[in-house]
1. Among 91-98, 41-48, 216-223, how do they line up by average Cβ neighbours within 10 Å per residue, starting with the highest?
2. Ordered by residue, what ³J(HN,Hα) values in Hz, to whole numbers, does the stretch 53-70 give under the Karplus form 6.51 cos²θ - 1.76 cosθ + 1.60, where θ = phi - 60° and Gly and Pro are x?
3. Please go through the stretch 126-169 and write out the GluC sites (Glu not before Pro) that DSSP classes as loop and that have at most 10 other C-beta atoms within 10 Å.
4. Is there a pair in 90/144; 110/144; 144/242; 77/219; 115/144; 76/144 whose C-alpha atoms are over 18 Å apart, and which pairs would that be?
Amino acid sequence: MNENTSLAQELKEAKIAFQNASLYARFQAGFLGRVSHEIRSPLGSLMSIHQLILNDLCESEEEEREFIAQAYEYSKKLMNMLDELIEISKLEAGRFELELVPLKCLDFLKFVQEKMKMQGANRNVILDVAMVDESLMIMADREKLAQGFFYWLEVAIDVSQLGTITLGADSQAPDNYSRLTINLPFSSEEFKESSQFEELSFHQTKGLESCPTLSDGAKISLAQSLIHLMGGQCRLQEITDKTTCLEIFLPNSGNFA
């Protein structure tokens with residue numbers, strides 16, 4: 001009986017590992033194409049609005065100045081998006097070092113909750129923090145770990161649109177690691193995204209209505225990269241047909257003593 005139970009557990013772990021490897025590979029395979037697509041789209045909008053100005057199609061000098069101001073603000077947001085990508089690529093190349101420090105899990109999760117609760121409220125999503133042992137600590141770069149959590153929560157809030165997302169932490173992890181969790185009110189199937197992208201056409205517009213932002217797939221890829229750089233691992237575990245647990249395993253602070 002014990003052997004059967006052990007085999008069943010091993011098969012379950014192997015299935016979870018395969019699903020997560022497939023998910024990660026799918027996001028990584030399309031990363032370059034996805035980012036290129038996301039950069040090309042806002043650049044096309046900028047080119048269109050400048051074409052209007054260069055061709056003297058503005059109705060007045062005031063409208064021309066308004067378009068220039070819009071393009072400038074839009075360019076700054078696009079630059080910020082590129083800075084995020086460049087910073088992580090430099091970390092991966094070893095040009096920057098992470099600042100690994102002991103972090104109290106409960107304090108970190110409350111910080112993340114405070115920063116993201118308004119974004120969740122705007123989509124009728126409640127961010128909650130579960131009961132966490134106050135002595136539980138990990139070794140991580142606080143700023144980069146928070147950045148990874150923000151990426152995941154932005155995607156999760158967008159996907160769920162309604163319900164409760166619960167942040168937690170416990171010692172249910174391999175030796176010398178602790179587990180941080182994000183319990184999501186939807187199936188892991190919601191994280192599907194194709195790595196194939198259609199060509200965007202350059203079209204003229206009289207405004208820049210939508211801000212340039214990273215796609216859900218890009219955010220997930222970047223979050224995973226940040227965790228891996230800190231010596232951690234991520235995996236999705238289906239709890240029920242309608243709930244998923246995102247698990248983040250990070251080294252205990254005692255490992256670096």
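Readers should treat all values here as calculations from the given coordinates under stated rules, not as data from a laboratory. Just so you know, these numbers come straight off a predicted model, no measurement behind them. All Cβ positions, even for glycine, are placed from backbone atoms using ideal geometry, and neighbour counts span all protein chains on display.
1. So the order, starting with the most tightly packed, is 216-223, 41-48, 91-98.
2. Residue by residue, the stretch 53-70 yields 5, 5, 8, 6, 9, 6, 6, 7, 5, 5, 5, 5, 5, 5, 5, 5, 5, 4 Hz.
3. When the GluC sites (Glu not before Pro) of the stretch 126-169 are filtered for loop state and at most 10 Cβ neighbours within 10 Å, 134 remain.
4. 144/242; 76/144
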